[in-house]
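To keep things clear, I will list the structure first and then write my remarks on it.
Bear in mind these aren't lab numbers, they're just calculated from the coordinates by the rules spelled out. Just so we're clear, the structure is a prediction, and the values are computed from it rather than from any experiment. Virtual Cβ from ideal backbone geometry, glycine too; neighbours counted across all protein chains shown.
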Amino acid sequence: MSVKIRLKRFGTKKRPYYRIVVMDSRKPRDGRTIEEVGFYHPIEVEDKQVSIKEDRIRDWLNHGAQPSDTVRRLLNKLKFHIK
């Protein structure tokens, strides 16, 4: 099974809200997740936009999960180093 860390969209039209989730790469974007590891709220002020569970993300990365490009960018913005 190919596991990815990616965004799952919530919110309304023009008011997006995303959860950072771990899920099978073959599932649809808003499909069933394995685990929720954070959130991304792009409309909030800069300090409150991203919240993550660092230990869970690090654990999934060590088990072979691959972050999407957007999640990788968000993690790098938080100074979370990916090997």
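Structure values in brief
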{"item": "Residue-averaged [θ]222 nm for the chain, counting only DSSP H segments that reach four residues, each worth -39500 (n - 2.57)", "result": "-6000 deg cm²/dmol"}
{"item": "Counted charge near Arg29, where neighbours are those whose Cβ lies closer than 10 Å (Asp, Glu -1; Lys, Arg +1)", "result": "+3"}
{"item": "Karplus-derived 3J(HN,Hα), 6.51/-1.76/1.60, for each residue of region 18-24, Hz, glycine and proline x", "result": "10, 10, 8, 10, 9, 8, 5"}
{"item": "Residues Phe10, Phe80 arranged by fewest to most Cβ contacts within 10 Å", "result": "Phe10, Phe80"}
{"item": "Inter-probe distance in nm under a simple model that places probes 7 Å from Cα toward Cβ, at Lys48 and Ser25", "result": "3.6"}
{"item": "Ranked Val50, Val21, criterion: other C-beta atoms within 10 Å, fewest first", "result": "Val50, Val21"}
{"item": "DSSP-defined antiparallel bridges as percent of all bridges, the chain, nearest 5", "result": "90"}
{"item": "Neighbour-count order for Thr70, Thr12, fewest beta carbons within 10 angstrom listed first", "result": "Thr12, Thr70"}
{"item": "Region 39-44 - phi-based ³J(HN,Hα) in whole Hz, Karplus 6.51/-1.76/1.60, Gly and Pro as x", "result": "9, 9, 10, x, 7, 5"}
{"item": "Lys79 versus Glu36: modelled label distance in nm, points set 7 Å from Cα along the beta carbon direction", "result": "2.8"}
{"item": "Of Val22, Val45, Val37, the one that fluctuates the most in a GNM where the chain has Cα springs shorter than 10 Å", "result": "Val45"}
